[in-house]
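First up is the structure itself, then whatever we jot down about it.
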Amino acid sequence: MPKLLSEDAIAHYRHAGYFFPVPILCAEEVAGFRRRLEAFEAQQGQPIQGGHRNKSHLLFKWLDDLMRHRRILDAIEDLIGPDILCWNTIFWVKEARSPNYVSWHQDLNYWGLDAPDLITAWLAFSPATVASGCMHVLPGSHTEKPLPHDDTFHQDNMLTRGQEIAVEVDESKTVAMALEPGEMSVHNAGIAHASGPNTSDDRRIGISLHYMPTRSRQVVGAWDSAALVRGADRYRHFEPTPVPTCDMDPVSVAFHGKAIAALHDILYQGAEQQTSRMG
Ligand SMILES: O=C(O)CCC(=O)C(=O)O
């Protein structure tokens, strides 16, 4: 018996590689999360960026709590079973009227993870529409051979290396995953996906949470970390991340530094250039 998703939603995810929308937070709850993020940005005097965007659950207690939200984990358990690690959490912020985009890519090529059932849950903190640059997916592409990619390092591309699928993607076959604030989409990390610039007057803010079964392995980096968010981990392939007791808990901030350095090496493996972008 599934915990949250319908049998149809699960079947759709398996054959198409994605499903949306899944309602997670009410309007008041999601506004509270947006306020917390924006309070941090106001304190920093700039939008969240660089290392702060990744493994951010180690920096913000409220994000560690969100990563363990019962409804999110029920949906993930319906798709990958009860023993669940969260490998990464990444903020994706496109400012109002910003040219920033995400080119067509497949994440499994870059994360060094031997985890064909790795799921990205993407939760909207603000309206994600076609105009604001919501994500698009190419249905079924997670079941095919990984596509070749080029590194473009384009300045407006939000991805680590501006990685882009080297063959033409037939846009007529793609699906736009528009979300209201508080709704979530899920996609398999092998699916081809992308998003366009933000032509709206509001910021487009989302958090991606990357969940995988505990049997998964890191095969590129010598060391990697993950948070056990549900069930038991009898494999111990990843160093368990500390649970912050408050925002900017010194113990988890120190761990974050080590985890981000390891992630940087994994994401830039084989690249000809390196920047501070990670995503
Ligand atoms: O937020 C976006 O537009 C893209 C996010 C993405 O590529 C991902 O979550 O895998």
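The values are calculated or read from the model by the stated rules, or taken from the named source; none is laboratory data. Computed from a predicted model, the values in this text were never measured in an experiment. Virtual Cβ from ideal backbone geometry, glycine too; neighbours counted across all protein chains shown. To get the accessible areas, we keep the full protein, side chains included, count just its heavy atoms, and leave off ligands, DNA and RNA. Shrake-Rupley method; radii C 1.70, N 1.55, O 1.52, S 1.80 Å.
The alpha carbons of the chain occupy a box of 47, 46, 43 Å along the principal axes, longest dimension given first.
Once C-alpha pairs closer than 8 Å and six or more residues apart are averaged by separation and normalised to the residue number of the stretch 162-279, the relative contact order reads 16 percent.
Measure off, as a whole percent, the carbon and sulfur share of the 1.4 Å-probe accessible area of the stretch 7-267, all protein chains present. Mind dumping the intermediate values first?
Values: 5620 of 10550 Å².
Within the stretch 7-267, the accessible surface is 53 percent carbon and sulfur.
Could you sort the peptides 81-91, 194-204 by per-residue average Cβ neighbour count (10 Å cutoff), highest mean leading? Intermediate results must be reported in sequence, preceding the final value.
Values: 81-91: 21.1, 194-204: 19.4.
Packing proxy ranking, top to bottom: 81-91, 194-204.
Each principal axis of the stretch 43-97 carries a Cα extent, and these read 40, 26, 16 Å when sorted largest first.
Computed about the Cα centre, the dipole magnitude for the chain is approximately 540 debye when only Lys and Arg (+1) and Asp and Glu (-1) carry charge, each at its Cβ.
Just want to confirm a number: the relative contact order over the chain, from Cα pairs under 8 angstrom separated by 6+ residues, in percent.
Details: 611 pairs, mean separation 86.9, N = 279.
About 31 percent, as a whole number.
Evaluated with a Cβ-only charge set (Lys, Arg +1; Asp, Glu -1), the stretch 183-234 carries a dipole of roughly 300 debye about its Cα centre, given to the nearest 20. Normalised by the number of residues in the stretch 2-116, the mean separation of alpha-carbon contacts (under 8 Å, six or more apart) gives a relative contact order of 31 percent.
Using the Cβ of Pro2 as centre and a radius below 12 Å, the other residues enclosed give a net charge of -4, where K and R count +1 and D and E count -1. With unit charges on the beta carbon (Lys/Arg positive, Asp/Glu negative), name the residue among Leu159, Thr199, Tyr268 whose Cα is farthest towards the positive pole of the charge dipole of the chain. Positive-most Cα among the choices belongs to Tyr268.
Only Lys, Arg, Asp and Glu count, each charged at its Cβ (+1, +1, -1, -1), so figure out the dipole size of the stretch 77-132 about its Cα centre, rounded to 20 debye. Provide the component values of the computation, followed by the final result.
Working: 2 positive and 7 negative charges, 100 e Å.
Using Cβ point charges on Lys, Arg, Asp and Glu, the stretch 77-132 gives about 480 debye.
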